[in-house]
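The values are calculated or read from the model by the stated rules, or taken from the named source; none is laboratory data. Every value quoted in this text rests on a predicted model; they were computed, and no experiment measured them. Virtual Cβ from ideal backbone geometry, glycine too; neighbours counted across all protein chains shown. Side chains included, ligands, DNA and RNA excluded: accessible areas come from the protein's heavy atoms. Shrake-Rupley method; radii C 1.70, N 1.55, O 1.52, S 1.80 Å.
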Amino acid sequence: MVIGALAVALAFGVSVLFGPRASLPTASSSLLPAFTRGMEIRVGLPDPRLTPGSINPNVSQENIGVTICVSGWTKTVRPPAAYTASLKFAQILEYGYEDRDRSHYEEDHLVPLELGGAPRDPRNLWPEPKTLTLPDGTSIGAAQKDHLEDELRRRVCAGAMPLGEAQRLIAGDWIAEWQAVGRP
């Protein structure tokens, strides 16, 4: 299955974030505990076996000034709604969510387009709950991840953070990062 997924990623021309072609440091073993506690998937994070994240090979630290840091650039790479809508339904089933109401989920890029995430790679897209409650009672969801994405992009484009670091942070435990940067 992993070999097949990598073949699909190679066919799409993308790098799987934790795969052998990744242009990011190979940190899969250090990032996996952020996703899981044993075999139990943490609330609000995608299953790393189904959604490890992948990056757009056309975006690099060297070209952020003509890609992600240009206003409106993500519109040029965003996949059509028909593609993400059908993928969302399939992934809701694959994830085994009991709640199958598609309106309760946003088909989200784990590594967002504004940080150089792969636009159409299914391994970078997942049905993110629009709202959920963390074990401590905090209400969180897609809107909070969007705010974190904006903050990390701002830092990358200001030169305060390397692109690769922002990609690793958002693909790791994005909830912990959201909390660490002050819940933007």
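With respect to the conditions (1) under 29 Å from ARG154 (Cα atoms); (2) within 17 Å of the chain's Cα centre (by Cα), ASN63 lacks only one, and its number is (2).
Please verify whether LEU113 is closer than 17 Å to LEU169 by Cα and at pLDDT 95 or above, treating the condition exactly as stated. It is true that LEU113 is closer than 17 Å to LEU169 by Cα and at pLDDT 95 or above.
Is it true that some residue in segment 105-112 is in contact (Cβ under 8 Å) with a residue 60 or more places away in the chain, within 15 Å of the chain's Cα centre (by Cα), open to solvent by less than 50 Å² (accessible area, probe 1.4 Å) and closer than 27 Å to MET161 by Cα? Yes, because at least one residue in segment 105-112 is in contact (Cβ under 8 Å) with a residue 60 or more places away in the chain, within 15 Å of the chain's Cα centre (by Cα), open to solvent by less than 50 Å² (accessible area, probe 1.4 Å) and closer than 27 Å to MET161 by Cα. Of all residues in segment 66-95, those being more than 18 Å from the chain's Cα centre (by Cα) and either exposed (fewer than 10 other Cβ atoms within 10 Å of the Cβ) or of a type in the set (D, E, K, R) (or both) number 3. Which residue is most open to solvent (accessible area, probe 1.4 Å), if the candidates are limited to segment 151-176 and must be more than 13 Å from the chain's Cα centre (by Cα) and of a type in the set (D, E, K, R)? My answer is ARG154.
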